[in-house]
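Got a structure here, written out as structure tokens. Questions coming.
The values are calculated or read from the model by the stated rules, or taken from the named source; none is laboratory data. This one's a predicted model, so the numbers in the text were calculated from it and none came from an experiment. Here the Cβ positions follow ideal geometry from the backbone for every residue, glycine too, while neighbour counts run over all protein chains shown. Ligands, DNA and RNA are stripped out before the accessible areas are found, and what is left, the full protein with its side chains, is counted by its heavy atoms. Shrake-Rupley method; radii C 1.70, N 1.55, O 1.52, S 1.80 Å.
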Amino acid sequence: MSALRVGVLAYPGCFASEVFGVPDLLTMATHVAGPGGPGYEVSIVSPRRRVAASGGAALDVAPLREVDVLVVPGFELLPSLDVDAKLAPLAPEIAAIRSHAAAGTVVVSICVGAFLLAEAGLLDRRRATTAWLLADELARRCPDADVRPECLVVTDTGVTTTAAFSAMYDFALDLIRRHSGAGVARTTARVALVDDARSSQTPYVDARLLPQPGNAFSHQVMRRLDQDLAARYDLAALSDTFKVSTRTLLRRFAEETGQSPLEYLQSSRVRRARHLLETTNRTVASISAAVGYRDPSTFAALFAKHAGRRPRDYRAAFRRAD
């Protein structure tokens, strides 16, 4: 067998350990297999010339290239953080993920790297997983995906997603098993002191870290806002729906999410607009109206703030081929 070409997609703020974790285990497997065994050609790639990973660690990156497997590491993400704000600067990486997938490359995400795959449209109508702490958020953002929070590794038609952090080793061992054989994978696990018998992340779930039941209030508000993105934002009417004062609604929502209902609505509208720009031929004015903005210039300015590009430029860069 020829060497398997594996590219790890580095991007600003990615976890450095997740950039190098899979390559390091593949290097061990190459030594275990010996000179005659199938090897791995690993590269750290990026659409950028310079990349600083988590903690400011500078990474030596190569330009994007053709690979057999593209690995997308995770990044720092907590339930209280704004996912849209984290993803907005990563448009070049999301475009690269989409391009590799369209070319037939196997795409793999580690931990919350799944959110980049979701933005690239790769999780629609696929089974997927991510860190159990953020599985509900992934399912909410990607309703067409079948999110399996109990799984360590999920592969569905050329796309693989993994659970948190150390699940990169579960994926790597599976890759070694398929490319180098079960014996090499088993010995590599022993040498690296990695558990090769895990099958679920359920034993690791700590319910104390999950969003508390009190957060049900903000989720109800979110669902209400998402039901009709084109409707005019009316804080008083929204408060009446939940039988609370406007002041109470704002306070409770902020306590649970760290943002206001209007900020959430704007993010949700932009997310929907991105999808329409990528997948339809509707005019920008039509999309603007569909997500609640009668003035296309106001919509364009808000969209650029969240997505990093104006609507027409975004469509030109990310329009999905049929």
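Given the whole protein assembly as supplied and a 1.4 Å probe, what does the accessible area of TYR233 come to in Å², nearest 10?
Estimated to the nearest 10 Å², TYR233 gives 60 Å².
Still on this model: Dividing the alpha-carbon Rg of the chain by 2.2 N^0.38 Å yields what?
Cα-based Rg divided by the globular estimate yields 1.08.
Take ASP240 and GLU66, extend 7 Å from each Cα along the Cα→Cβ direction, and tell me the distance between the two endpoints in nm.
Output for this residue pair reads 6.3 nm.
Separation of the stretch 1-68 and the stretch 183-198 by C-alpha centroid, Å?
20 Å
Note the direction-averaged projected area, equal to a quarter of the hull surface, for the Cα convex hull of the stretch 1-149, in nm². Don't skip to the answer; put the middle values down first.
Working: hull surface 37.0 nm².
One quarter of the hull surface, i.e. the mean projection, equals 9.2 nm².
If you don't mind, there's one more thing I want to ask. How far, in degrees from 0 to 90, does helix 16-33 lean away from the longest principal axis of the Cα atoms of the chain, to the nearest 10?
For helix 16-33, the angle is close to 20 degrees.
Please build a GNM for the chain, connecting alpha carbons under 10 Å apart, and tell me which residue among LEU123, LEU78, LEU175 fluctuates the most.
Result for the chain, Cα springs under 10 Å: LEU78 fluctuates most.
With a probe of 1.4 Å, find how much accessible area the stretch 267-306 has per residue, and write the answer as a whole number in Å². Before the final figure, lay out the partial values.
Working: 1780 Å² over 40 residues.
Heavy-atom SASA per residue in the stretch 267-306 reads 44 Å².
Among LEU77, SER99, PHE165, whose Cα sits farthest toward the positive end of the charge dipole of the stretch 50-165 (+1 at Cβ of Lys/Arg, -1 at Cβ of Asp/Glu, about the Cα centre)?
SER99
With an 8 Å cut-off on Cα pairs and a minimum separation of 6 or more residues, tell me the relative contact order of the stretch 216-322 in percent.
Working: 88 pairs, mean separation 27.6, N = 107.
Rounded, it is 26 percent for the stretch 216-322.
For the residue pair SER80 and ALA317, what label-to-label distance in nm results when each label sits 7 Å from Cα along the Cα-to-beta-carbon direction?
3.1 nm
Something else now. Taking the Cβ of ALA167 as the center, what net charge do the other residues with Cβ under 14 Å away carry, scoring Lys and Arg +1 and Asp and Glu -1? Show your work: numbers first, answer last.
Working: positive: ARG148, ARG198; negative: GLU18, GLU150, ASP170, ASP174, ASP195, ASP196.
Spelling it out: positives minus negatives among the neighbours equals -4.
Counting Lys and Arg as +1 and Asp and Glu as -1, what is the net charge of the other residues whose Cβ lies under 12 Å from the Cβ of VAL112? Numbers along the way, then the final one.
Numbers: positive: LYS86, ARG141; negative: GLU18, GLU76, GLU119, GLU137.
After counting each charged neighbour, the total is -2.
Computing the accessible area with a 1.4 Å probe over protein heavy atoms, can you report the carbon and sulfur percentage for the stretch 65-111? Provide the component values of the computation, followed by the final result.
On the way: 960 of 1700 Å².
The nonpolar share, carbon plus sulfur, comes to 56 percent.
Another one. Report the rotationally averaged projected area of the stretch 179-322 based on its alpha-carbon convex hull, in square nanometres.
Details: hull surface 56.5 nm².
One quarter of the hull surface, i.e. the mean projection, equals 14.1 nm².
Decide, for the stretch 79-179, between rounded, prolate and oblate: order the square roots of the alpha carbon gyration tensor eigenvalues as a ≥ b ≥ c, take rounded if a/c falls under 1.5, and otherwise choose prolate if a/b is larger than b/c, else oblate.
It is oblate, given that a/c is not under 1.5 and a/b is not larger than b/c.
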